[in-house]
Amino acid sequence: MKFFRKAIVIVTVLALVVALCGCAFGGSKKIGKKAALQAALEDAGLTRNEVTDVDIEYEKALSSAWYEVNFESGMAEYEYRIHAYTGEVLSSATD
């Protein structure tokens, strides 16, 4: 009987972990590098023709995934972190 209870607890915990991982990633596909760049450009108020040295990298950690988007415009350097599944701007910095 104790084995049965342990088995139920383990299965329940595993189901919960799988459900939470699905929610964290939105349960959908990644937006892709082009859409991540577009989200960053819109936030910066720039167009693709106004930027140079574009670098986009996909990164993930435990329950989060994002695109690191970096580019330059004029004398300014832009750094963005874009959510890989929703396209939300998670952070931005300009130097």
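The values are calculated or read from the model by the stated rules, or taken from the named source; none is laboratory data. Computed from a predicted model, the values in this text were never measured in an experiment. Virtual Cβ from ideal backbone geometry, glycine too; neighbours counted across all protein chains shown.
Which one is farthest from Lys34 (Cα to Cα) among residues in the stretch 47-66 that are assigned to a strand (DSSP E or B) and in contact (Cβ under 8 Å) with a residue 40 or more places away in the chain? Out of the qualifying residues, it is Ser64. Annotation: of all residues in the stretch 67-89 being free of Cβ contacts under 8 Å to residues at least 24 places away in the same chain and aliphatic (A, V, I, L, M), the one that is surrounded by the fewest Cβ atoms within 10 Å (Cβ to Cβ) is Met75. Just one of the listed residues (Glu42, Glu57) is touching a Phe, Trp or Tyr at 6+ places or on another chain (Cβ under 8 Å), at pLDDT 95 or above and charged (D, E, K, R), namely Glu57.
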